[in-house]
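Written out below as structure tokens is the structure these notes cover.
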Amino acid sequence: MIEKLRNWMIDSANIMFDDSKSDLRSLPKSVRLQILIVLSFIWSTVFSLYVFSLTTFIWGWAGVVMAHIGLIIAVYITFKFFHKANKEKKSVFETGNYNPAKIFVVFFLIFFIFIFSKGVEVLTKSNSYKIKYDGPTKSTIERIKEFVK
């Protein structure tokens, strides 16, 4: 079961990130990344419009967008590093090759966790309105009767 899940995850990542299997393989890598980011903006906006209220929309949307972009970049970089590690069987500690991209990934993951935690905080926050609302002054039937004579 775990092996099937592992293979499915590898196949899913290959569809998006492997140059020989992607449906977007004829496009340059930068254009493929732009397409993924635009799709993340679209789906983040749709999700945010559905879930968040007007007062929490911006913070929630920003958290969701940053989470999507962070996830896309983190998965892409992780996928590339694993493929590179399979080709070169050397450890980073043996070669002393502390790549700036690897350092960036660590800092980005910390930043990603911070943004994600802020999005969760917005989702779990209670209502911040100070004005008490007891409901409408008229019932629904009374309001309908005003328009129907």
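The values are calculated or read from the model by the stated rules, or taken from the named source; none is laboratory data. Nothing here was measured: the structure is a model prediction, and the numbers come from that model. Counting neighbours? That spans all protein chains shown, and the Cβs are built from the backbone with ideal geometry, glycine included.
In the range 70-81, the count of residues that are closer than 23 Å to Phe107 by Cβ and loosely packed, with under 11 Cβ neighbours inside 10 Å is zero. Yes or no: Phe41 within 19 Å of Phe112 (Cα to Cα), among the aromatic types (Phe, Trp, Tyr), surrounded by 12 or more Cβ atoms within 10 Å (Cβ to Cβ) and in contact with a helix residue (DSSP H, G or I) (Cβ under 7 Å, 6 or more places away or on another chain)? Against the criterion (within 19 Å of Phe112 (Cα to Cα), among the aromatic types (Phe, Trp, Tyr), surrounded by 12 or more Cβ atoms within 10 Å (Cβ to Cβ) and in contact with a helix residue (DSSP H, G or I) (Cβ under 7 Å, 6 or more places away or on another chain)), Phe41 qualifies. When Val46 is tested against (1) of a type in the set (Val, Ile, Thr); (2) in contact with a Phe, Trp or Tyr (Cβ under 9 Å, 6 or more places away or on another chain); (3) free of Cβ contacts under 8 Å to residues at least 12 places away in the same chain, only condition (2) is not met.
Exactly one residue out of Asn127, Asn86, Asn99 is exposed (fewer than 10 other Cβ atoms within 10 Å of the Cβ), within 30 Å of Ile15 (Cβ to Cβ) and either modelled with pLDDT of 80 or more or out of contact with any helix residue (DSSP H, G or I) (no Cβ under 6 Å at 6 or more places or on another chain) (or both), and it is Asn86.
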